[in-house]
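Presented below is the structure to which this report refers.
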Amino acid sequence: MTHITVTVDGVKYVDQVEPRLLLVHYLREVIGKTGTPIGCDTSNCGACTVLMDGQSVKSCSVLAVQADGSDVTTIEGLANGELHPVQRAFHEEHALQCGYCTPGMIMATTDLLRDNPHPTEEEIRDGLEGNLCRCTGYENIVRAVKRAAEAGVTQ
């Protein structure tokens with residue numbers, strides 16, 4: 001077992017974990033952050049995307065021990081009592097159908113808009129390239145990202 005200290009959604013956790021435990025499993029099974037779905041466990045779909053020290057990462061490709069000392073934000077920690085502007089934009093633009101990819105899309109969008117607050121449609125599509133949606137066809141997702149950018153989302 002390996003000792004880790006990680007801050008998740010503003011709360012500090014100190015745990016002993018198996019060295020091979022993936023961050024997505026730590027988030028869901030150890031600390032109960034089930035809003036981060038397990039999609040493919042191969043880093044292909046991006047459903048499990050979280051922010052680690054402000055950067056989007058696919059939590060199925062990060063070991064929990066690699067998050068030691070990090071600040072992790074999940075979809076549950078993104079909002080502070082009300083919908084985050086990116087969440088609101090996804091809702092308003094009907095940018096989800098089944099919703100499985102939505103947490104990862106929203107987290108990747110948050111990172112994208114922090115780095116590029118006024119992306120073009122091509123930059124949006126490039127920025128979300130590692131996050132797959134099997135339902136929507138991406139049109140409403142792209143519109144949601146544009147709406148969030150117009151609202152001035154930078155975090």
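Sorting Met105, Met52, Met1 by the number of Cβ atoms found within 10 Å of their own Cβ, with the fewest placed first, yields Met1, Met52, Met105. Listed by chain and number, the lysines placed with their C-alpha closer than 17 angstrom to that of Lys58 are Lys33; residues fewer than eight positions away on the same chain are left out.
Only one item in (i) 27, 16, 13; (ii) 24, 19, 14; (iii) 34, 17, 14 matches semi-axes √(5λ) of the Cα gyration tensor in Å derived from the coordinates shown, and that item is (i). Close amide H partners of Leu63, meaning residues 5 or more places away or on another chain with modelled amide H under 5 Å apart, are Leu23. Taking θ as phi - 60° and the Karplus parameters 6.51, -1.76 and 1.60, the scalar couplings of segment 121-133 work out to 4, 4, 5, 5, 4, 5, x, 9, 3, x, 10, 9, 10 Hz in sequence order, x denoting glycine and proline. Taking other Cβ atoms within 10 Å as a rough exposure proxy, Lys146, Lys33, Lys58 sort from fewest to most as Lys146, Lys33, Lys58.
Per-residue Karplus couplings for segment 6-17, computed as 6.51 cos²θ - 1.76 cosθ + 1.60 with θ equal to phi - 60°, are listed in order as 9, 9, 10, 6, x, 10, 7, 10, 10, 9, 9, 10 Hz, Gly and Pro entered as x. Its DSSP H runs of at least 4 residues, each contributing -39,500 (n - 2.57), put the calculated 222 nm mean residue ellipticity of the chain at -8000 deg cm²/dmol, to the nearest 500.
Taking a point 7 Å from the Cα of Asp71 along the Cα-to-Cβ direction, the residues of segment 123-155 with backbone N closer than 13 Å to it are 155. Taking segment 62-103 and a reference point 7 angstrom along Cα→Cβ of Thr42, the backbone N atoms nearer than 19 Å belong to 62-63, 101. Could you give the nm distance between label points at Glu92 and Ser61, where each point is 7 Å from its Cα heading toward the beta carbon? Simple spin-label model gives 3.2 nm for this pair. Taking a quarter of the surface of the Cα convex hull of segment 47-98 gives a mean projected area of 4.4 nm².
Each value in this text was obtained by applying a stated rule to the coordinates, not by laboratory testing. Only a predicted model underlies this, so the values are computations on that prediction, with no experimental measurement involved. Virtual Cβ from ideal backbone geometry, glycine too; neighbours counted across all protein chains shown.
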